[in-house]
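The structure follows.
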Amino acid sequence: MREVMIIGGGASGLVAAIVAARRGTQVCIVERLSRVGKKILTTGNGRCNMTNTRMSAKQFHSYDQVDFDVVLNQFGYEDCKAFFMELGIMPLVEGSKVYPLSEQATTVLDVLRMEIERLGVEVLTDTKIIALKKKAGVWELRSETGEVYQAQKVIVATGGMTNTSLGCDGLGYELLKKVGHTLKTPYPILVHLLSSSPYCKMMKGTKIKANVKAFANGKLGREEYGEVLFTEDGLSGPPIFQISRVASLAALKKQSCEVILDLFPEISEDEMTSLIYERITAHPERTIEQLFIGMLHKRVIIPVLKAAQIESIHRTVEQLEYDEVMRLVGILKSFKFEVQGTRGYKFAQVTAGGITVGEIDLHTMASLKTKNLYITGEVMDVDGDCGGYNLQWAWATGYIAGQSVSRNEE
Ligand SMILES: Cc1cc2nc3c(=O)[nH]c(=O)nc-3n(C[C@H](O)[C@H](O)[C@H](O)COP(=O)(O)OP(=O)(O)OC[C@H]3O[C@@H](n4cnc5c(N)ncnc54)[C@H](O)[C@@H]3O)c2cc1C
């Protein structure tokens, strides 16, 4: 029988293993893929946005009211930085996002793997755990191929449902449900949004800076500023990822969702009206189609004119009616896109929802449903904003669980 078995060799499982092994505990990681930490390699577009200098409870979310500070106070940004610096990772801070100085996610995985090796942590790869049960106080883990492993303590670090090729398909939820835990309906976040608006296709491949507001059933859910990318089937880019939680939850609840872009957030509607009239006065000979050249991305001009229902765009700007100018102002300040959900788990970075947090003691990550079971990372009903917060949650909860399993409570 092993002392501690960790199901899932991802971000939280690897940190839990290191912390427990450093404290002299015998640890075994069971990973279904051919190697541990595959998802880490894909993070931050291969650069691994590992944490964020701006760390507060505000950046984390759950279905329930959760005191995220219980976790962040035990392992916050400074602790994360110190942990990885000790392993050899020098930080690179961009804005508030933190990457390894090497700008290579592989190096983050390298140092974790080197430490696992140094500490003699046992790693069983290609081992998918399909059942977890307790028999006479001992945990039994059964693999897909029929092997049975016994352990005194188990950490479930199986991640969420995003990106099945990276080992996550929600199997962890099933393991935990069988031992008494409940699941808050998962949904994909940090993901592209689908929109049937014809303007997305027209502007496909174009990036523009805008203020983005997401509304669910007409209620403002979240507002972000940044670079929006239009795609064949919808909207993408950092602010869209950030607000995707609102759209995905709306789709889950079958609510309507719309995203409204303000293409000139620093200019008021009145100022925009004056600006358009100034441009008309400066170049009365130009056509309506030419009015916004130099002010808007050229691929955005026709969609804006169409959305504002401006006919006969080859007229001169002098012929624009007041109503038409007002409609143009309306679109430039509030360009609406109906949203029909997201591109789903295959493309999402993170799963919102998961195992109910109230069933886990955040001081130790111990299950409150059954003894000697610990739960870490994304499998829990906690998700973070885009910007290194999801890895921070994984490292932090892994760190706490690693300490807890190596504490002798008897
Ligand atoms: C493309 C992409 C980019 C991302 N970029 C960032 C970023 O830059 N910054 C950031 O903060 N977050 C990012 N994330 C999110 C972040 O990677 C995750 O939130 C984090 O890895 C979760 O850690 P975890 O330990 O809970 O699960 P994971 O890291 O997903 O690890 C779970 C592990 O468990 C294994 N497993 C699952 N079920 C079983 C089973 N039954 N038996 C055995 N093994 C099992 C899986 O194979 C996997 O290796 C990104 C995610 C994706 C998909």
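Go ahead and estimate [θ] at 222 nm for the chain from helices alone: -39,500 (n - 2.57) per DSSP H run with n ≥ 4, summed, over the residue count, rounded to 500.
Values: 12 runs with 127 residues, N = 410.
Counting only the DSSP helices, I get -9500 deg cm²/dmol.
Taking only Cα atoms, what is the 0 to 90° angle, nearest 10, from helix 322-333's long axis to the longest principal axis of the chain?
20 degrees
Pull out the extension gain between R35 and E289, defined as 0.36 nm times the separation in residues minus the alpha carbon to alpha carbon distance; nm, one decimal. Don't jump to the answer; show the numbers that get you there.
Numbers: separation 254, 0.36 × 254 = 91.44 nm, distance 5.58 nm.
Going from the current span to full extension adds 85.9 nm.
From the phi angles alone, apply the Karplus equation (6.51, -1.76, 1.60; θ = phi - 60°) to region 309-317 and give each ³J(HN,Hα) in whole Hz, x where the residue is Gly or Pro.
Residue by residue, region 309-317 yields 6, 8, 8, 6, 6, 8, 5, 7, 4 Hz.
Further question on the same structure: Residue farthest toward the positive end of the dipole of the chain, with Cβ of Lys/Arg at +1 and Asp/Glu at -1: which of V93, I129, L296?
I129
Moving to a separate point now. Hey, in the GNM for the chain with a 10 angstrom Cα cutoff, which one of G377, G221, G76 fluctuates hardest?
Sorting by GNM fluctuation, first place goes to G221.
Between T182 and E278, what is the FRET efficiency for a Förster distance of 60 Å, r being their Cβ-Cβ separation, to the nearest 0.05?
For T182 and E278, the calculated efficiency is 0.50.
Separate question: Give the calculated FRET efficiency between M1 and L166 to the nearest 0.05, with a Förster radius of 41 Å applied to their Cβ-Cβ distance.
0.85
E271 versus A131, label points 7 Å from Cα toward the beta carbon: distance in nm?
6.7 nm
Specify which residue in the list G358, H283, G167 is farthest towards the positive end of the charge dipole of the chain, using unit charges on the beta carbon of Lys, Arg (+1) and Asp, Glu (-1), about the Cα centre.
Value: G167.
Which pairs break 18 Å Cα to Cα here: K39/K134; K128/K369; K38/K58; K133/K177; K177/K253?
K39/K134; K128/K369; K38/K58; K177/K253
Also, quick follow-up: According to a simple spin-label model (label point 7 Å from Cα along Cα-to-Cβ), what is the distance in nm between R23 and D69?
2.4 nm
Grab the Cα-Cα distance for T370 and T106, subtract it from 0.36 nm times how many residues apart they are, and report the gain in nm with one decimal. Mind dumping the intermediate values first?
Values: separation 264, 0.36 × 264 = 95.04 nm, distance 3.61 nm.
Result for the pair: 91.4 nm of gain on full extension.
How far apart, in nm, are the 7 Å Cα→Cβ label points at E232 and S196?
1.9 nm
Now, a different point. Provide the packing ranking of 289-301, 354-366, i.e. peptides ordered by the mean count of other C-beta atoms within 10 Å per residue, highest first. List each step's numbers first, then the result.
Working: 289-301: 15.7, 354-366: 20.8.
Answer by packing, highest mean first, reads 354-366, 289-301.
Readers should treat all values here as calculations from the given coordinates under stated rules, not as data from a laboratory. All of these numbers come straight from a predicted model, not from anything done at the bench. Here Cβ is always computed from backbone atoms with ideal geometry, including for glycine, and neighbour counts include all displayed protein chains.
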